[in-house]
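Taking it in order: structure first as structure tokens, then the write-up.
Just so it is clear, none of the values below were taken in a lab; they were calculated from the coordinates. Just so you know, these numbers come straight off a predicted model, no measurement behind them. Virtual Cβ from ideal backbone geometry, glycine too; neighbours counted across all protein chains shown.
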Amino acid sequence: MSNNENNNNEEKVFEPEIVNNNEPNQNKSLNSILSWIPFILALIYTVSPIDFIPDVIPVAGWGEDAMFLIVSALHGIQNTVFDKNTSIYKIVKCIKLASFILTIVFIIILVLLIVLVFKVSSN
């Protein structure tokens, strides 16, 4: 009977599985780096002389550059600082979406105004 008890004890031995904890950290650091790429591209866009709305138009040119920077910075902050289940993450996501929509509307309105000015001045 002692042999059966030893065999049963050997079968019940729990061996923990080796988990590599480095993979999630590497994934997290890669995601945090990739989250800031839009901000870097927005900085390059802001500095470059090529724009959707030229910077010589006082408010519109700089406003469009600023909106791109704000949206891209919010994207980087949202994906690196906050946990995806928190309410702050969701609030920043809504602010980012609203800023993006306002930027697009702002650009469309300005383009339509510029077209209108050229049409009126050509007549």
Item checked: Förster-model FRET efficiency, 35 Å R0, Ser122 and Leu69, C-beta, rounded to 0.05 -> 0.50
Notebook entry, point to check: Which shape class applies to segment 39-118: rounded if a/c is under 1.5, otherwise prolate when a/b exceeds b/c and oblate if not, where a ≥ b ≥ c are the square roots of the Cα gyration tensor eigenvalues?
Noted result: oblate
Check: Which trypsin sites (Lys or Arg not before Pro) from segment 24-123 combine a DSSP loop assignment with at most 14 other Cβ atoms within 10 Å?
Finding: Lys84
Next item on the list: Subtract the Cα-Cα distance of Ser87 and Ile40 from 0.36 nm times their separation in residues, and report this length gain in nm to one decimal.
Entry: 14.3 nm
